[in-house]
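Asker: Here's a structure for you.
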Amino acid sequence: MSRPDLDQLLPDAEADVLPSPRGAAARRALVAHPVVLLIGIVLASLNMRAALASVSPLIGEISHTFGLSSTASSLVTSVPVLFLGVGAMVAPWLARRFGTEVVLLCALVLLGIGILVRVLPSVFALYGGGVLAGTAIALLNVLMPGLIKRDFPDRAASMTSVYTGAMIGGATLCAAASVPLEKAFGNSWQASLAFWSLLAAVAAVAWLPQVLIARGRTGREVRVAPAGSGPADSGPPRSIWRSALAWQVTLFMGLQSLWSYVLIAWMPTIFTDHGMSRSTAGVIFAFNNLIQVAGAFGVPLLAGRMRSQRPLIVLVTSMVAVGYAGLMTAPVSGAWLWSAVLGIGQGGAVGLALTLIVLRSGDAQTAARLSGMAQTVGYLLAAAGPLTAGAVYQATGSWTLPIALVLGVCAAALVVGLFAARDLKVQAGPATTA
């Protein structure tokens, strides 16, 4: 089989359906307004990590307000990650049922509501808002690649870079600004977190014209028979969940997500527990988010030129392991260095995980199914990271053992990643080969 075209195999939640003529006309109308579409994509992407990155620098204040233990505090970041996996399950169905534009608009509205609910004076609201925010972010995560593939088929790679850069930029901005905003609002962490609901509101407003353009020419009547239902397809489909290679890709996605969300939850706390000021810890955490751009852009470009991505698996897992080891041995004196090494490794790992979904798929339908499996299982696995790290820290009073456990995760990711990086294809179409 020839090597796949990365632009054409971007995972698409609507890959199994074909547009009617009216639906195709609506698509042309949307693309006829590329500036409106581009603004909507950028603003939506800015929100894809903002609600998560804005919490971490403030977790100490949040815990103090509600009297939370380290384990309970970890749920503030674990609950949204858990619902990233749950939301990934329903996103494709919602896109087929209501259309991608409508679901993305609703996701942005839900995200804004979740951020506001999270700052109500109740610990149940704190966690409940996380549920809403995590579900909303999951919808954005799953639907954005397919929308880019559909509306920018000839520029999918460059547009993917735009939305990825905006996503990381949003996380960087929130991480750097959370503590200054808290001080500006009279030492109110609630006001600091609530401020980011404005970003979601602005994105929702920017997305509204696209919904209005498409509305009336898209809907249930435009989503017709599955694309693979023609006579050329014979034999029952082979479930992707029975593929060992699919599980290897999925586990690499989950393990690299786990080490990233441990950092999102606890990196500023690790620094402040060793005597660093909260403001400085927030800035270094923001730098960690920013430097991820280098890995997220560079590693997928290299991966697409290689038949086997095993050297890149070794590179990104080693960088993350070195960075975590630095946090264990010299967290303050080497903070900027470890933040940079971790950032490049993190960005490279997530970019490589997403690229492996494409490279291990032989067609768009398989890529969509593998993406859904990897994100659902991967985020459910990743949700255990912040919770476990917080519980172990509470039990031991030190970050040494939690970091040592993450180093074990790096070793496991290396092993499973070496299998996932082989030049093979997931067989998920008609069951003709094993």
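Asker: Would you please state the base-10 log of I(q)/I(0) at q = 0.14 1/Å for segment 278-425, with intensities from the Debye formula using one equal scatterer on every alpha carbon?
Answerer: The Cα Debye sum returns log10 ratios of -0.73.
Asker: Moving on to the next point. How do 416, 131, 322 rank by accessible surface area computed with a 1.4 Å probe, from largest to smallest?
Answerer: 322, 131, 416
Asker: Okay, moving on. Can you tell me the length gained on complete extension of the stretch residue 404 to residue 89, counting 0.36 nm per residue apart and subtracting the Cα distance?
Answerer: Details: separation 315, 0.36 × 315 = 113.40 nm, distance 3.20 nm.
Difference between extended and current length: 110.2 nm.
Asker: Ignoring solvent entirely, what values of log10 I(q)/I(0) come out of the Debye formula for segment 89-216 at 0.12 Å⁻¹ when each Cα is a single scatterer?
Answerer: Taken in order of the listed q values, log10 I(q)/I(0) reads -0.52.
Asker: Kindly report the accessible area of segment 107-217 per residue (heavy atoms of protein chains, probe 1.4 Å, no ligands, DNA or RNA), in Å².
Answerer: Result: 36 Å² of accessible area for each residue.
Asker: Let me ask something additional. What FRET efficiency do you get for residue 35 and residue 415 if R0 is 51 Å and r is their Cβ-Cβ distance, rounded to the nearest 0.05?
Answerer: Once rounded, the FRET efficiency stands at 0.65.
Asker: Suppose each label sits 7 Å from its Cα in the direction of the beta carbon; what would the residue 97-residue 395 distance come out to in nanometres?
Answerer: Between residue 97 and residue 395, the label points sit 4.0 nm apart.
The values are calculated or read from the model by the stated rules, or taken from the named source; none is laboratory data. Remember, predicted model here, so these are calculated numbers, not experimental data. When we count neighbours, we look across all protein chains shown, and the Cβ atoms used for this are built from the backbone with ideal geometry, even at glycine. Surface areas here come from the heavy atoms of the whole protein model, side chains and all, with no ligands, DNA or RNA. Shrake-Rupley method; radii C 1.70, N 1.55, O 1.52, S 1.80 Å.
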